Amino acid sequence: MILEADSFLSSDVVAFMARKSESNKEVEAARVPGQVQRLAVFGPPLVLEGEDAAAYDELFARVCAAVKPVDVIDEMLIADIVALEWEVLRWRRLKRALMQEPGLEALKLFLIEQLDSNYALYQEHFKSYLTQILQDNLPPEQADSAEMLAAECTPNNADADDKLKQVLSSIGRDMNTVLAEARADKAKDLVHEYVRGEREAVTLVNELLTDAGVSMDDFLINVLGNKIDDIERIDRLTAIAETRRNAALREIDRRRVVLRQSAATQRARNRRRLRGWRVSARGAG
């Protein structure tokens, strides 16, 4: 099973793991210093690169606050529960990435095609892209005027086309290649903005999808066929971690019942002993 991280989702993936409590005071209240020191015996947080150790600590603190461990056995179970819940979150995150990433790549290719037939959608981006190319490749004395030159060199105009071809030819580039690169770069930016939920990008992408009569589901159907086995493996691993986590939670509940019963039995035994002492004391008197 091959799982590859991609730049489209890296920031979202990290953000998912790094969500914070709405009430920091409540979290801090759960961090009983003596208790945290005792839990430290179980080692550092079981986090991987890119995951947030502080979020793991927060989860640990909240579980401690909910369970209120009474002995080291409870603390052992808490350590297992938190590690397993973190594992469940990790598998869910990877499943999301595995399912969404091919769809985003298909969306990028779709946007490149749409931009190819509508220069106005990436005109400003092309000018910026061309300006950067000129600044990086023209002699220093001409680089300062790169932005003005890029603004003049607009495609789809006969005079401008000739000038643009001459300029690009002088630095070993051609217009078709630069246009294709600018379209791809603009499409990539649109996908990033779409993932982040930026309104303009979401509106534009949805309009283009609607006009073409397709949806993100169509892209996923076409690209997820060879990912089904990996998704099923992740689901099985998630279920295993959930089962182990739930077993640890049930064991805490079971121990609570046993401890309450033991305490009740001990209290009853103490009452019987006390009554026996009182009877003995009266008899001796």
Ranked on Cβ counts within 10 Å of their own Cβ, fewest leading, Glu113, Glu87, Glu242 go Glu113, Glu242, Glu87
Phi-derived 3J(HN,Hα) across the range 78-91 with the Karplus relation (6.51, -1.76, 1.60, θ = phi - 60°), rounded Hz, x for Gly and Pro, is 4, 4, 5, 4, 5, 4, 6, 5, 5, 5, 4, 4, 5, 5
So the FRET efficiency between Glu193 and Asp116, C-beta based with R0 = 25 Å and rounded to 0.05, is 0.80
Here, the range 170-285 modelled as identical Cα point scatterers in vacuum has Debye log10 I(q)/I(0) at q = 0.10, 0.17 Å⁻¹ of -0.69, -1.04
With x for Gly and Pro, the residue-by-residue ³J(HN,Hα) of the range 191-196, computed from phi through the Karplus equation 6.51 cos²θ - 1.76 cosθ + 1.60 at θ = phi - 60° and given in whole Hz, is 5, 4, 5, 5, 5, 6
When Leu111, Leu84 are ranked with the fewest other C-beta atoms within 10 Å first, the list becomes Leu84, Leu111
Reduced to Cα centres, the span from the range 217-252 to the range 200-215 in Å works out to 31
Assertion target for Ile81, Ile240, Ile252, ordered by fewest C-beta neighbours within 10 angstrom first, is Ile240, Ile252, Ile81
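Bear in mind these aren't lab numbers, they're just calculated from the coordinates by the rules spelled out. Everything numeric in this text was worked out from a predicted model, so none of it was measured. Positions of Cβ are generated from backbone atoms using ideal geometry, with glycine treated the same way; all protein chains shown enter the neighbour counts.
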